[in-house]
Amino acid sequence: MRAALLLGTLAVSMVFALPPPGPSGEADGSRPRPSLELPGADAGLPPLPDTSPRIASYSIDARLDAARHEISGRLTLDWRNESGVPRQRFPFHLYWNAFRDRRSTHLREWGERAADEAVSGRIDLDSVTLVAPETADLTPTLRFLECESGNADDRTLAEVSAPRPVLPGEVARFEIEWRARIPGPGLSRSDWVHDYHLVAQWFPKIAGIWKGEWNAHQFHAWSEFFADFGNYDVRLTVPVGLEVGATGRLVEETRNGDGTRTLRFVQEDVHDFAWTASSRFLVRETELDEPGYPPVRVRLLLQPEHAHLAERYLDAAALGLRSFGAWCFPYPYPQLTIVDPAWGSGSGGMEYPTFITGGASVWSPTALQSPERVTIHEVAHQFLYGVVATNEMREAWLDEGLASYLTARALWANLGPDGWGLRYFGLDDRGSDAGWPVVAPGVYRLRGADRLPELRAVGTSDPMALPAWEYRTRRSYGANSYAKPELTLQTLEGLVGDEVMTRILRTYTRRYAFRHPEAADFISVVEEIAGGDFGWFFDQTWFSSELCDYGIEVRERGESPEGAPPPLTEVTVRRYGGVQLPVEVRVDFGDGGVARERWDGRGRWCRFRYEGRRVDAAFVDPDERLALDTQPGNDTWVRERGAAARAAARWSGRWLLWLQNLLETHALLG
Amino acid sequence: MSSPATPAAGDDGALAAALRTGFRFVARNPGLAVLLWALNLGLAALLAVPLAARLGEQLRETAPAVHMLYGFDWSWWAAWREWQTGYEGTLTPAILGTGLAFDNVARVLRGELPLGLFSGNLPPAGEAPLLALGVVYMLAQLFLGGGVLALIRGGGRWSLRGLLHGGGFYFPRMLRIGLLSLALAGLVFASHAPLGGWAGERARLAVSERVASAWSIGHHLALLAGLASIYVASGYAKVIAVAEERSSAALAWLGALGLCARHPLRTGGHLACFVLLGALLVAVWTRADSAWHTVGYRTQVVSLALGQLLVIGRLALRLAWMAGQVSIYRASARSVAVADRL
């Protein structure tokens, strides 16, 4: 029996201790880190503003009833009218009413999520008072707005009316008292699970001004958020024993003597405030102090079972701050809080100013780049959303796309390609949730490759550039907000080059820091930096529902003596997709020569003819610049010298082995 | 008057004897393992050869052919798989390395084998040839199983004639026992469904992911243990059907249950040894396979040979398992006889 135990230990350790073979070449950690130095060529970059416009500033005093998962609060809002016209009506977002009942626009659109009474979320305004420029009780004027959805039952957007308009440049001060219940486990990106609370979009929040108008929309199922910048001074009263993390820096802590404590967090120049509280958090802190950059204190609130992932979380955050500091601007805040969400929470993978949520599994093989990917993505949002505050409701793809692009670029530059694997014996049907990870040895994905399947599947459902609620399906929203803009920007990088792309990013992010740019602003920066009209490029990609797919064919014409090159070889480049982009073609000849051709990519095909030369290989987009090309497999033609048969033998042999074992497994069942 | 051995020593001794007998049988009859391997390989090749032809055609004159020769072109594979409607779609990176074993076990636990009988959902139409082949293989093994047990009972060296004669003679009994085993496996799946739902709910409500994983993996292990019990008892039922010339599958099954109940340590220990040996086999193969870089035809031959050694090893383990079960049955029968005499 002891021998059997020994045998078992040996077997198990050999099975599970096997390190997956690493990718060859560039993924061995020898890749250069992005330089933090700004080259002299970029000396003319726009300076980073010292402060934001500080249009909507909040002073909040809130108390958490952790047992009931309820919050009561009082806030003072100073709102300065920078819209250029007098404003008498003031819309407020009441996001948690999306989880009040099934009649909300959010749940109607989502269709899957339940909102029974036990876990429903809600927010109710007790009073709204205008205290400046004059005093008035606005509570009786409160009414809910339908907006574009036409859903009169929704209560996520309300407005109050002042007795007289607030003039341009004038400051209106509101005092609001409210009560709220945090949505239940997994129901929302703000939720509670046991004593874990992730509290975001939690207070009555005035709508932002966009293009001179209120950006007032109900809370749609796959929409995110938009608000104006301001200063936040927030006092949170929570039960003693709960560890708290929040947007901003902790400036004061008071023990109240009633089993609670009050923590005061302050942050200037942000447009939102989120916080979390749980007794289970482990706290890990580090300071990122890179030469030439202001120090950043990174605070990680971690689930105990993920303690072994602390270094990976912190390294990923440092990698993101370093990379995006180099490609955009130095992170302008002194701290960043990272929250590792509780098991069962739906709050992972979200960004709030100076505060992000990650996500990881207890078993997280490094090859799968989790929690690195989500952490770096949310750090990217600190720049693109946090500081360059695009409209996530109307142009979700602008900040999600740019953040996804930056994430992929940073991962590729620093960690190399990610691996591929499946999880077994987990909770859902296919076992992926909380399952045991098995990484496929030797399988790695090139940058952007993981995005192409989504583009092929739903890429033609919608034009990319739509408001969040106008996509046909949630999957289309995902493909058009993440995959397509990421690949479009990677393609742009391929067309203009890495250095020009970095200058584009630096110029765009610095010029629009603490502002609300839109797609046209980004395009104008591209044209300014890269030179020339790029409208054609964005018309083909961002404003189109077409796919990009070029392919190549080679045909030899005429008879030739044995061993002699054919009289004529035709290389035909074909455009299978609707997107028209200029392409390069490389033709390798049997005599060692190489021809490089260019095609504007507009017709359906283009043919190049070569007389008396044998073509060995032909490539459309040989430098793989067109990351948007949905079928990279047809971009090449290679003279057949047996590789296909050998590759087929190799992989069918591997499949044969799998099938033999599957058959033998059948033998056990009878 | 001799006194019976203590139960603990008896279990240990019977287990060691079963292991010894099992591997001696394999060592004395290597040709039997080769025959089973040839059958396994031949049947699998029925689908693998067309797949090779199709892959060769689809990779022809493309750069991914070169990529797939020296590695795995994930981009090409992802696009290729999207338009596979047949069994070719099961060619995924999930079957590489230890994934091969995990995929097999996961399919069993999802109730997809055999013929998707216990999954509750119709299997994908494209996988029908695989499942059909699986049933053919299962029937073939039921046929050969009777022959193998007859050979083990006889104690001599194997012959094809003896194998076929025994297989033909005992096939109806083996088939009945097999069908009864499947019915019992269905019961295990049916009784696991509420357990799985309950454990899943506990997992969802767990405070930590570690606890959730324990619930989730735990209920999968419980299902696996249930199915393994069926497999063990089914094996003894077949031994009893041959050794005692029982034609009733139900009685043979009852006898097997009685044997397992009387000797849980030796029957469970025997199973545990073979599970561990199987895991060790997979581990050794995975290590050897990952250390070997396949770059061309010649290196492929080595990879293929390594893979076939894995299959042969697995088949040898099954034969040793069957011979070991006969040994445990005999030891049990002897102790019953001794007890009766006393």
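Values computed for the structure shown
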| item | result |
| --- | --- |
| GNM result for chain B, Cα springs below 10 Å: residue of B:Gly71, B:Gly147, B:Gly97 fluctuating most strongly | B:Gly71 |
| Cβ-based charge dipole, segment B:36-144, positive-most Cα from B:Leu131, B:Gln141, B:Leu55 | B:Gln141 |
| Per-pair calculated FRET efficiency, R0 = 30 Å: B:His293 and B:Ala27 via Cβ, rounded to 0.05 | 0.35 |
| Among A:Val296, A:Gly245, A:Ala227 the positive-end extreme of the charge dipole of segment A:211-317 (Cβ point charges) | A:Gly245 |
| Among B:Val105, B:Val49, B:Val135, residue whose mean-square fluctuation peaks in a GNM of chain B (springs only between Cα atoms under 10 Å) | B:Val49 |
| Pair A:Glu597, B:Leu254: separation of 7 Å Cα→Cβ label points (nm) | 8.2 |
| Cα centroid separation - segment A:537-562 against segment A:463-534, whole Å | 25 |
| Percentage, to the nearest whole number, of Cα pairs in chain A over 50 Å apart | 19 |
| Positive minus negative residues near A:Ser127 (Lys, Arg vs Asp, Glu; Cβ under 12 Å) | -3 |
| Convex hull (Cα only) mean projected area of segment A:200-284, reported in nm² to one decimal | 7.4 |
| Tilt relative to chain B, helix B:128-154 - C-alpha long axis, 0 to 90 degrees, to 10 | 30 |
| Surrounding net charge for A:Gln335, when Lys and Arg each add one and Asp and Glu each subtract one, Cβ distance under 12 Å | +1 |
| Loop-located GluC sites (Glu not before Pro) in segment A:152-208, at most 14 other Cβ atoms within 10 Å (DSSP) | A:Glu170 |
| Gain on full stretching of the segment that runs from A:Arg475 to A:Glu611 - 0.36 nm per residue minus C-alpha separation | 44.1 nm |
| Beta bridge orientation in chain A: antiparallel %, DSSP, nearest 5 | 85 |
| Test item: Cα-centred dipole of chain A, Lys/Arg +1 and Asp/Glu -1 on Cβ, debye | 920 |
| For the protein assembly as shown, calculated [θ]222 nm from helices alone, where every DSSP H run of n ≥ 4 adds -39500 (n - 2.57) | -14500 deg cm²/dmol |
| Least to most buried among B:His219, B:His165 (fewest other Cβ within 10 Å first) | B:His165, B:His219 |
| Centre separation in Å (Cα based) which lies between segment B:95-113 and segment B:124-180 | 23 |
| Alpha-carbon centroid distance for the pair segment A:213-237 / segment A:256-309, whole angstrom | 21 |
| Helix A:2-16 axis, angle to chain A major axis (alpha carbon atoms, nearest 10°) | 90 |
| On Cα atoms only, tilt of A:519-530 relative to the major axis of chain A in degrees | 50 |
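The numbers here are math on the coordinates, done by the rules we state, and not lab data. The model shown is predicted, which means the values in this text are computed figures rather than measured ones. Cβ coordinates were reconstructed from backbone atoms using ideal geometry, including for glycine residues, and neighbour counts include every protein chain displayed.
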